[in-house]
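Just so it is clear, none of the values below were taken in a lab; they were calculated from the coordinates. From a predicted model like this one, the values you see are computed outputs, not experimental measurements. Glycine also receives a Cβ, built like all others from the backbone with ideal geometry; neighbour counts cover every protein chain displayed.
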Amino acid sequence: MNNPNKEPLTPGSIRLETLQVTKVGFTGKEFPTIDATPQSIKFELEYRPIPLQSVTDKDKHHFGVQFTSSIVDVNGAINLEIEATAIFESDKEVNDDFLGSGFAKVNAPAIAFPYLRSFISTLTLNAGYTPVILPSVNFTKSVEKVAQNKQ
């Protein structure tokens, strides 16, 4: 993960290094008519910042955001389940406080999610279906909603 040719991070910043899709489950009906509008797609998304166990002890500046998503067409034409992890580098040391911060809970998912959306659109298109274009997600409101549910 350490690349000596990368520009140094500016203070108070994070950088997306990669999004790795680790699991895809896809089933679809033959030659269906899919209404891929946001109203006809049941979309669920869970995400959480995670420490990276795979980096060396010397490298405490990387973390991940783990996404789990389920997409189902209301007519049952497609059913898609995806797991992916976005890997980030931070200028700050990653610890429990950092993983609970806005960088890890809001900024990082907001940066990585468009890549997951693109993957899903391309996957469904290349599979021969109407491309599924997921709605954007307001990660700030999502974090606020979770905090309200804990009270």
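Here are some notes:
- Using a Förster distance of 25 Å, the FRET efficiency for VAL74-LYS23 (Cβ separation, nearest 0.05): 0.60
- GLU17 long-range amide H proximity, modeled H, under 5 Å: ILE87, PHE88, GLU89
- Charge tally for VAL21 (other residues, Cβ to Cβ under 14 Å; Lys, Arg +1; Asp, Glu -1): 0.
- Stretching the chain fully between GLU44 and LEU9 yields a gain of 9.3 nm (0.36 nm per residue, less the alpha carbon separation).
- Shown in residue order for region 18-26 are the 3J(HN,Hα) couplings computed by the Karplus curve 6.51 cos²θ - 1.76 cosθ + 1.60 at θ = phi - 60°: 6, 10, 10, 7, 9, 7, 9, x, 9 Hz (x for Gly and Pro).
- Once the Cα-Cα distance is subtracted from the 0.36 nm per residue extended length, the LYS60 to GLU93 segment shows a gain of 11.3 nm.
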